[in-house]
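S.K.: Handing you a structure now.
The values are calculated or read from the model by the stated rules, or taken from the named source; none is laboratory data. All values derive from a computational prediction rather than experimental measurement. Every residue, glycine as well, gets a Cβ built from its backbone with ideal geometry; the counts of neighbours run over all protein chains shown. These area figures cover heavy atoms from the full protein model, side chains too; ligands, DNA and RNA do not enter into them. Shrake-Rupley method; radii C 1.70, N 1.55, O 1.52, S 1.80 Å.
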Amino acid sequence: MKSSNLKCIYPGSFDPVTMGHIDVIMRGYKLFQEIIVAISEVSSKQPFFSIEERKEMMSRAMEEFGLKDVKVVSYKGLTVEIARFYGAKVILRGIRSSRDYEVELQKASLNSKMAPEIETVFMFPAEKYIHLSSSIVREIGISGGDLTGMVPEVVKEYFKKGKS
Ligand code: ADP
């Protein structure tokens, strides 16, 4: 049984999805009644994988980890708008370090000004994922390194397909 009847949204670039993201999703999955992973199409960072690829990798990763009822969507506008659209009262974010904390605090307070009815909830991943990021994964994946334990199996396939 779920611990709450709240719906939450987990937004991010997921370029690509890593085991750190999966760890946060699994924690959210236990806690919230429904979890929607919202992949941001537009970002200040130029994405390596297209929005279609990021969405497909995430959907297949959800199957891989038996998280079939997790909805995966993409969005272009503000995170609070997509949260409102899906009736989510919680924005879920992951924190790895004090650097994440500074950035996340700023985002959360801005979002809370725009949508006071929505609460941001932070989760820490397991210690082994603290140093894991999509950018590290991209670096290793592009140079053909072994990503075992860092990403879902499907992500390895995408790098093997010859994204370079
Ligand atoms: P964004 O560009 O919005 O930061 P990311 O895909 O990089 O998107 O991250 C999405 C969310 O997941 C953020 O809250 C980020 O802090 C968190 N996150 C990223 N990597 C990890 C990790 N290894 N462990 C826990 N949370 C993480």
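S.K.: Mean residue ellipticity at 222 nm from the helices of the chain, using -39,500 (n - 2.57) per DSSP H segment of n ≥ 4 over the full residue count, to the nearest 500 deg cm²/dmol?
M.R.: -12500 deg cm²/dmol
S.K.: For a 21 Å ceiling on Cα separation, which of these pairs sit above it: Lys45/Lys89; Lys76/Lys128; Lys2/Lys76; Lys30/Lys89; Lys55/Lys161?
M.R.: Lys45/Lys89; Lys76/Lys128; Lys2/Lys76, as the Cα separations exceed 21 Å there.
S.K.: I'd like the trypsin sites (Lys or Arg not before Pro) in the stretch 24-85 restricted to DSSP loop residues with at most 10 other Cβ atoms within 10 Å, sorted by number.
M.R.: Filter output for the stretch 24-85: Lys45, Lys68, Lys76.
S.K.: Under the definition of Cα pairs under 8 Å and six or more residues apart, what whole-number percent is the relative contact order of the stretch 62-152?
M.R.: Relative contact order, the stretch 62-152: 26 percent.
S.K.: Cross-link candidates for Lys7: which aspartates and glutamates have Cα within less than 12 Å, leaving aside residues fewer than 8 places away along the same chain?
M.R.: In chain and number order, the partners are Glu34, Glu119.
S.K.: Compute the signed sum of charges (Lys and Arg +1, Asp and Glu -1) over the other residues within less than 14 Å, Cβ to Cβ, of Val103.
M.R.: Around Val103, the charge tally is +2.
S.K.: If each of Glu63 and Ile130 carries a label point 7 Å out from its Cα toward its Cβ, how far apart are those two points in nm?
M.R.: Taking the two extended label points, one gets 3.6 nm.
S.K.: Now for a different question. Would you mind telling me the share, in percent, of accessible area of the chain contributed by carbon and sulfur at probe 1.4 angstrom?
M.R.: The computed percentage sits at 53.
S.K.: If you don't mind, another one. With a 1.4 Å probe and all protein chains in place, put Thr79, Thr148 in order of accessible area, largest first.
M.R.: Result of the area sort, largest leading: Thr148, Thr79.
S.K.: Quick one: accessible area per residue over the stretch 1-107, 1.4 Å probe, rounded to a whole number of Å²?
M.R.: Working: 5580 Å² over 107 residues.
So the stretch 1-107 comes to 52 Å² accessible per residue, rounded to a whole number.
S.K.: What do you reckon, how do Lys128, Lys2 stack up by accessible area (1.4 Å probe), largest on top?
M.R.: Lys128, Lys2
S.K.: How big is the dipole moment of the chain about its Cα centre under a simple scheme where the beta carbon of each Lys and Arg is +1, that of each Asp and Glu is -1, and everything else is neutral? Debye, nearest 20, please.
M.R.: 160
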